[in-house]
Structure formats: C-alpha cells, structure tokens
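Here the structure is laid out as structure tokens; the discussion comes afterwards.
The values are calculated or read from the model by the stated rules, or taken from the named source; none is laboratory data. Every value quoted in this text rests on a predicted model; they were computed, and no experiment measured them. Backbone-built Cβ (ideal geometry, glycine too); neighbour counts: all protein chains shown. The area values use the complete protein model at the heavy-atom level, side chains included, leaving out ligands, DNA and RNA. Shrake-Rupley method; radii C 1.70, N 1.55, O 1.52, S 1.80 Å.
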Amino acid sequence: MLLLEQLLNGLQYSALLFLLASGLTLIFGIMGVINLAQGAFYMVGAFCAAYTAIASGSFWLGGLAALAGAALYGLVIETGIIRRLYNRDHLDQVLATLAVVFFTNELITLLFGRSPPAMPTPDWYNVFVEVLPGLMYPVSRMLFIGAGLLVALGMWLLINHTRLGMLIRAGADDHEMVGALGVNISRLYTLVFVFGCMLCGLAGFMAAPLLSVEIGMGEKVLITTFVVIVVGGVGSVRGALAGALLIGMVDSLGRAYIPPLLDQLLPADVSGALSGGLVSASAYIVMALVLLVRPRGLLPARA
C-alpha cells in the first residue's frame, strides 16, 4: 500500500512538473527563448486563484481567474519584453527574464502583501476515496493527476491534429520560411507564449489549495522544471512528459524508501543527514545518468 500511495504521489508531482515544463519547452522549442520567468506566471496564477476564491467564494471562479491572470500577464510580458529578445543572445534572455522574476515578486507584494492566503475549497475537494481496497486517496490529488492527463492529451491533439499545431511544428523547424509563406510569425509567437503562461496559471490553481501560496513560490520548482526538460529533451513536449514522470516518481519513491533503507545500513546520526542529501539530489543524479546514456535527453525534438 505504501508503494501504491507513493506511485500516486509521484503521478501528482509529475503532473505539476509537466504543466510547468511543457509550456517552458514549447516556448524554447518554438521561439528559442530561455524563459526563467516561468515560475513567476505559476505564482501569479496561484495568487489570482486564491484571492478570487476568497472574494467570490467560488473555487472554479478562482480557476478561471488563474488562467486569465497568467495569460494576461504573459501577454504583457511578451509584448513588452520577450518580443525584443527573439534575436538576442541567450544570456540577454536569461538576464531579462530573471529581472521579470524579481519584478513580479515585488509586484505581487505591492498588490497582495506578504501574508500567504489560504485558498478556500469545497467540501468534496477534501474527501478521501477508496482507490483500491484498503487504499484511501484524496480527491484533491486525484484531480491534479487528472488535470495533468487531460493537458497531455490536449497538447498531443493540438500539436498533431490542428492547423495551429501544424504552424507550431513548422515554426519550430524553420520560422523564417513560415513567415515567408505569409504566416504572422509574431502573432504565432505571442499565442505560444500566452498558452505556456496559461499552463503555468493552471498549475498555480491546482497547487494553491495543496501548497503554500507565497512570494517566490515559483523559484522553488523552477530548477526542477529545467531538470525535467533536460532529462526529457530540450524543445520536446513528449520529452517533457517523460521527464516529468521520471523525476516525479524518483522524488516520491526516494522520499519514502531512501531514509528507512539508510537507517538500516548506517548509524542514525549519519543516515539522517545523508538520506536528506540523497533525496534532494536524486533528480540531479537521474539527470546525470540520463545524459551519460542519451546526451540529448530521453525523447529529444527533431534536430
């Protein structure tokens, strides 16, 4: 039962990582922009969801506010800053988007203050259901897993079976040729960026009732998101899914099994510090092992 519960926890964490990583890898794969501000849009979505739910008393209205808030803020950032970075060096992109992170933290502080809001949830959200005989699991985490699965399916359909997806794939291969054929490449870039921000807003909405909604919450998960992209393959959405599943499972199972295993093998004063370090470093160890075998990631984008 412990194994099954940790596998479900791993799926929930994988869903969070995929929502963040898919938008980030889509932006980089299509636009060539390294966006360190991805965590900022996640935070904006969480704050919009929490304060809208508090003001309106509606959980789902908070979700709509998270999507709209992250998308609108993403539109402002793309038109005001990111659009000027398309033909610039990656170092310029890193510095500019890092500045967006600091600016967003201060903006949220001015608008909402530093006190973490508690997002209200409906009664059914906190119910436990019997997934298997003897295994109770919260509806909130199952909803998170379901959202991740729906987004993965939706992105597959969007990219592979729609005209917009055809333009996205073509833009990733040769954006100059796409522009020469009459496609407004600037508008396409804006749509891709705003869509990636909406995925971050959705992640913020789903995480707001489960995690602490606070200033800087995006930075805590941003590094792990980049690890997911490197493991899965830079610029590949299916690679982001594979990397999120692998890192999420390794993190969840490591937290459950590494500490008791080391307690049996080592003295208590040694095992405590060592197990904490191994759990924290597990994602980076997996990344190093994957890159040794597959330097371009598990499922890289086409060269």
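Taking residue 268 as the residue in question, decide whether it is closer than 30 Å to residue 103 by Cα and either surrounded by fewer than 23 Cβ atoms within 10 Å (Cβ to Cβ) or in contact (Cβ under 8 Å) with a residue 40 or more places away in the chain (or both).
In short, no.
Test residue 30 against the stated conditions and say whether it is open to solvent by 10 Å² or more (accessible area, probe 1.4 Å) and assigned to a helix (DSSP H, G or I).
Yes; evaluated as a whole, the condition is true for this residue.
Residue 227 passes all but one of (1) open to solvent by less than 10 Å² (accessible area, probe 1.4 Å); (2) in contact with a Leu (Cβ under 8 Å, 6 or more places away or on another chain); (3) within 30 Å of residue 289 (Cα to Cα); which number fails?
Residue 227 satisfies every listed condition except (2).
Among 262, 298, 289, which is the only one that is over 18 Å from residue 9 (Cβ atoms), of a type in the set (A, V, I, L, M) and surrounded by fewer than 16 Cβ atoms within 10 Å (Cβ to Cβ)?
289
Just for region 160-190: of the residues that are buried (at least 17 other Cβ atoms within 10 Å of the Cβ) and modelled with pLDDT of 85 or more, which one is farthest from residue 38 (Cα to Cα)?
188
Residues in region 210-223: is at least one farther than 26 Å from residue 81 by Cβ and either aromatic (Phe, Trp, Tyr) or out of contact with any Pro (no Cβ under 6 Å at 6 or more places or on another chain) (or both)?
yes
Here is a check on your reading of the model: is residue 279 open to solvent by less than 50 Å² (accessible area, probe 1.4 Å), under 23 Å from residue 16 (Cβ atoms) and at pLDDT 90 or above?
no
Among the residues of region 143-155, how many are of a type in the set (A, V, I, L, M, F, W, C) and either without any contact (Cβ under 8 Å) to a residue 24 or more places away in the chain or farther than 30 Å from residue 3 by Cβ (or both)?
Counting residues in region 143-155 that are of a type in the set (A, V, I, L, M, F, W, C) and either without any contact (Cβ under 8 Å) to a residue 24 or more places away in the chain or farther than 30 Å from residue 3 by Cβ (or both) gives 2.
Does any residue of region 6-18 turn out to be in contact with a His (Cβ under 9 Å, 6 or more places away or on another chain) and not small (Gly, Ala, Ser)?
No, region 6-18 has no match at all.
Residues in region 86-108: is at least one at pLDDT 85 or above, touching a Pro at 6+ places or on another chain (Cβ under 9 Å) and open to solvent by less than 70 Å² (accessible area, probe 1.4 Å)?
No, that holds for no residue.
Any residue in region 210-223 that is of a type in the set (S, T, N, Q) sitting within a Cβ distance under 6 Å of a residue that is open to solvent by 30 Å² or more (accessible area, probe 1.4 Å)? List the pairs, counting only those 6 or more apart or interchain.
Qualifying pairs under 6 Å: 212/116.
If I ask for residues that are part of a helix (DSSP H, G or I) and free of Cβ contacts under 8 Å to residues at least 40 places away in the same chain, which ones from region 50-64 would you list?
52, 55, 56, 60, 61, 64
Could you check how many residues of region 33-77 are among the aromatic types (Phe, Trp, Tyr), within 17 Å of residue 116 (Cα to Cα) and open to solvent by 10 Å² or more (accessible area, probe 1.4 Å)?
Adding up the residues that qualify gives 1.
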